[in-house]
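Asker: Have a look at this one before I ask anything.
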Amino acid sequence: MEYKNALLNTKKPNKLKILNDPIYGFIQIPTTLIFDIIEHPYFQRLRRITQMGLSNLVYPGANHTRFHHAIGCMHLMQKAVRGLRFKEVKISNEEENALYCAILLHDIGHGAYSHALEHSIVNGVSHEEISLKFMKSLNEEFEGQLTLAIAIFEGKYSRKFLCQLISSQLDIDRLDYLKRDSFYTGVTEGNISSDRLIAMMNVKEDALVIEEKGIYSVEKFLIARRLMYWQVYLHKTGLVAENMLVNVLKRAKELTEKGIALSASSSLKYFLYHQISEVNFNVETLNMFSQLDDYDILLAIKEWTYHEDKVLSLLSKMIINRKLLRIEIQQSEFEEVILQNKIEEVSKKMELSEKETKFFVFSNKITNQAYQQEKPIYILKKDGNLKDIAKASDQLNLQALTNPVVKYFICYPK
C-alpha cells in the first residue's frame, strides 16, 4: 500500500491538454513549455482582460477575453507551420516552438480594458513594450527558453517571414481577432476565412506571401477589416465609452496627486499614486501591472460613484448605468468656437469650472486605414513574380483602402 501511494504521489501531471474553442473546436497544447506558460499567473491574468474593452455596451456578446484570443492565435500558428512545411518551407523545431511562444505572448502586455490605461495612468509605455518586459521576465524564469521567441517578436530574427507571421498586415494576430470579434459581436462582415488564407501562405525571398489563387480571400480580409473598424472598433457608442473610461482614470489620477483619498485595489492604487513612465517601469511596476485587470477598474468605478468629487462620481455613474455622453461625428474638424460654446453652456448648466467641464465636453479624431502600402501584402504570381495586392487586385475600391479616412467627433452631455 505504501509503495502504491508513493507511485501516486510521484506521477507527473499530463501537460499535453486539449482545449475546446467555440470557433475552431479542439485546440491542442503542443509542448510542456507552452502548458507552463499558459499556467503562469502572468498569462492567467489575460482571462480577466476583455478583448474589446467596453464594446459589450454596444454588442452584449462581446465579453471574450485576451486569453481566448491568445489561445486561438497559437492554434492558427500551428496550422500555418504545418501548411508552410507541407510546401517545403524549412522551419526547425526550435523556430516552431519560438513561433508558438511569441504568438501566445504577443498581447500579454495589454492593460485593463485594453487601451484605456495607455492613455490615462501609464504614460508613454505601449502594450507592446510591456509585452516585451513580460517576455523577458518569463525568459529568466524559464532559463532562456524564450530567447528566440523574443527575437522573432522584436523583428530582429534573420528569417523575416517568421517575424511577419507575428506582426504584419496579414499576420496570425489579425486572422484570429477579426474572426473571433465577428463571432462574439455577431457582425458577420468580419467573418473571414482564416483557414483559406493560411492555406494560401507561402514564402518567397524570405517574405511571407499569398499565392495568386488566394487573392480574393485577401481582398475579403482587407474589406472585412475596414468594415469591422467602422462597425465595431470605432463604433460611436464604444468610442464614447472608452473616452469616458480614460477620463475617469485621468480624474482619479488628478485627485490622488492632490492627496485626495480614493478607494481602489492595491494594484490600482500603485498606478494612481505613482507617475509611471518608460524610465521608471521596473520589476516592481511589472509585478503590480501583472495584478491589475478589468475587475480592479470596474470595482473602483463602482466605488467612485459615491465619491464626493462631482466629476469623478458623475462620470462613474454614467459608465456604470450606461448613461453615456452624446457624440457627433463629421468629416471635417469641429471649429474651436463650437467646442468653446458647448463647454461654457455645460459649465453653467452643471455648475462646474471650465477645467472640470472638459471631462464631459471634448473633441478628437479617429483614423481608419485598412491597408498600408508601405508594408505590402505580396501576391505570388504563377510566373514566380511578386506583386502588391493593391496592384494585383482588379477591385478598384481596394486601391481606395490605402487612403487613411479621418473623421472628427465631439462629445457632450445629453
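Rule-based calculations on the coordinates, nothing more; no lab input. Given the structure is predicted, the values throughout are model-derived calculations rather than measurements. Cβ atoms come from the backbone with ideal geometry, glycine included; neighbour counts cover every protein chain shown.
Asker: Most fluctuating residue of Ile172, Ile27, Ile319 in a GNM of the chain with Cα springs under 10 Å: which is it?
Answerer: Ile27
Asker: Between 0 and 90 degrees, rounded to the nearest ten: what's the tilt of helix 127-141 against the longest Cα principal axis of the chain?
Answerer: For 127-141 against the chain, the angle is about 50 degrees.
Asker: Quote the relative contact order of the chain in percent (integer), defining contacts as alpha-carbon pairs under 8 Å separated by 6+ residues. Intermediate results must be reported in sequence, preceding the final value.
Answerer: Working: 597 pairs, mean separation 63.8, N = 414.
Over the chain, the number comes to 15 percent.
Asker: Further question: Do you know the relative contact order of segment 154-288, to the nearest whole percent, from alpha carbon pairs under 8 angstrom that are 6+ apart? Intermediate values should be presented prior to the final figure.
Answerer: Working: 95 pairs, mean separation 21.1, N = 135.
Worked out over segment 154-288, it gives 16 percent.
Asker: What chymotrypsin sites (Phe, Trp or Tyr not before Pro) does segment 234-321 have in DSSP loop regions with at most 15 other beta carbons within 10 Å?
Answerer: On the way: sites: Tyr270, Phe271, Tyr273, Phe281, Phe289, Tyr295, Trp304, Tyr306; in loops: Tyr273, Phe281, Tyr306.
Of the chymotrypsin sites (Phe, Trp or Tyr not before Pro), the ones in loops of segment 234-321 whose Cβ has at most 15 other Cβ atoms within 10 Å are Tyr273, Tyr306.
Asker: Using a Gaussian network model of the chain whose springs link C-alpha atoms within less than 10 Å, name the residue from Val337, Val187, Val346 with the highest mean-square fluctuation.
Answerer: Val337
Asker: Compute the acute angle (0 to 90°) between the alpha-carbon long axis of helix 93-105 and the principal axis of greatest extent of the alpha-carbon atoms of the chain; round to the nearest 10°.
Answerer: Between the helix axis and the principal axis of the chain, the angle is about 20 degrees.
Asker: For segment 66-137, which GluC sites (Glu not before Pro) are both in a DSSP coil and crowded by at most 16 other Cβ atoms within 10 Å? If you can, show how the numbers build up before the last one.
Answerer: Details: sites: Glu88, Glu94, Glu95, Glu96, Glu118, Glu128, Glu129; in loops: Glu88.
Answer by residue number: Glu88.
Asker: Subtracting the Cα-Cα distance from 0.36 nm times the residue separation, let me have the gained length for Lys323 to Lys156 in nm, one decimal. Display every interim value, and only then the final one.
Answerer: Numbers: separation 167, 0.36 × 167 = 60.12 nm, distance 4.68 nm.
Going from the current span to full extension adds 55.4 nm.
Asker: Also: Using every pair of alpha-carbon atoms in the chain, split the distances into 10 Å bins beginning at 0 and state the percent of pairs per bin, rounded to integers.
Answerer: Spelled out per bin, shortest first, that is 4, 19, 27, 25, 15, 7, 2, 0, 0.
Asker: Still on this model: Enumerate the aspartates and glutamates that Lys382 could reach by cross-link, defined here as Cα to Cα under 17 Å, with residues fewer than 8 away along the same chain left out.
Answerer: Reachable aspartates and glutamates: Glu205, Glu211, Glu212, Asp394.
Asker: Under the 0.36 nm per residue contour assumption, what length would be gained going from the current alpha-carbon distance of Asn385 and Lys250 to full extension? Please list the in-between numbers first.
Answerer: Values: separation 135, 0.36 × 135 = 48.60 nm, distance 5.19 nm.
Using 0.36 nm per residue and subtracting the Cα-Cα distance, I get 43.4 nm.
Asker: With axes computed from alpha carbons, what is the tilt in degrees of helix 66-86 against the longest principal axis of the chain, rounded to the nearest 10 within 0 to 90?
Answerer: Helix 66-86 sits at roughly 30 degrees to that axis.
Asker: Could you give me the ³J(HN,Hα) list for segment 366-372, computed from phi with Karplus coefficients 6.51, -1.76, 1.60 and θ = phi - 60°, whole Hz, x at Gly and Pro?
Answerer: Result, ordered by residue: 10, 10, 10, 10, 5, 9, 9 Hz.
Asker: Tell me, what is the percent relative contact order of segment 281-414, built from C-alpha pairs under 8 Å that lie six or more residues apart?
Answerer: Numbers: 141 pairs, mean separation 39.6, N = 134.
Taking the mean separation of contacting Cα pairs over the length of segment 281-414, I get 30 percent.
Asker: Could you tell me how far the Cα centroid of segment 73-109 sits from the Cα centroid of segment 239-265, in Å?
Answerer: 40 Å
Asker: To continue, here is another question. Taking the Cβ of Lys414 as the centre, find all other residues whose Cβ is under 9 Å away and add up their charges (Lys, Arg: +1; Asp, Glu: -1).
Answerer: On the way: positive: Lys323, Arg326; negative: none.
In short, +2.
Asker: Let's test the formula: R0 of 56 Å, r as the Cβ-Cβ distance of Lys355 and Glu88. What FRET efficiency results, to the nearest 0.05?
Answerer: On the way: r = 64 Å, r/R0 = 1.15.
In this case the efficiency is close to 0.30.
Asker: Starting with the fewest neighbours, write out Phe221, Phe334 ranked by other beta-carbon atoms found within 10 Å of each beta-carbon.
Answerer: Values: Phe221 27, Phe334 16.
Listed from fewest to most nearby Cβ atoms, that is Phe334, Phe221.
Asker: Among the listed pairs Lys381/Lys407; Lys365/Lys391; Lys220/Lys391, which are separated by more than 25 Å between their Cα atoms? Please list the in-between numbers first.
Answerer: Values: Lys381/Lys407 37 Å; Lys365/Lys391 30 Å; Lys220/Lys391 15 Å.
From Lys381/Lys407; Lys365/Lys391; Lys220/Lys391, over 25 Å: Lys381/Lys407; Lys365/Lys391.
Asker: Among Arg82, Arg322, Arg66, whose mean-square fluctuation peaks in a Gaussian network model of the chain (Cα, cutoff 10 Å)?
Answerer: Arg322
Asker: Provide the descending list of Cα extents for segment 9-139 along its principal axes, expressed in whole angstroms.
Answerer: Each principal axis gives a Cα extent; for segment 9-139 these are 45, 45, 33 Å.
Asker: How many nm is it between the label spots at Asp394 and Phe35, if each spot is 7 Å from the Cα in line with the beta carbon?
Answerer: In this crude spin-label approximation the distance works out to 5.2 nm.
Asker: Something else: Counting other beta carbons within 10 Å of each Cβ, put Arg48, Arg180 in order, fewest first.
Answerer: Ordered from fewest to most neighbouring Cβ atoms within 10 Å, Arg48, Arg180 come out as Arg48, Arg180.
Asker: A further question on this structure: What FRET efficiency do you get for Tyr216 and Glu284 if R0 is 56 Å and r is their Cβ-Cβ distance, rounded to the nearest 0.05?
Answerer: Efficiency, from the Cβ-Cβ distance: 0.65.
Asker: So what is the calculated 222 nm ellipticity per residue for the chain, using -39500 (n - 2.57) for each DSSP H run with n of 4 or more, over all residues, to the nearest 500 deg cm²/dmol? Spell out each step's value before the answer.
Answerer: Details: 20 runs with 204 residues, N = 414.
-14500 deg cm²/dmol, from helical runs alone.
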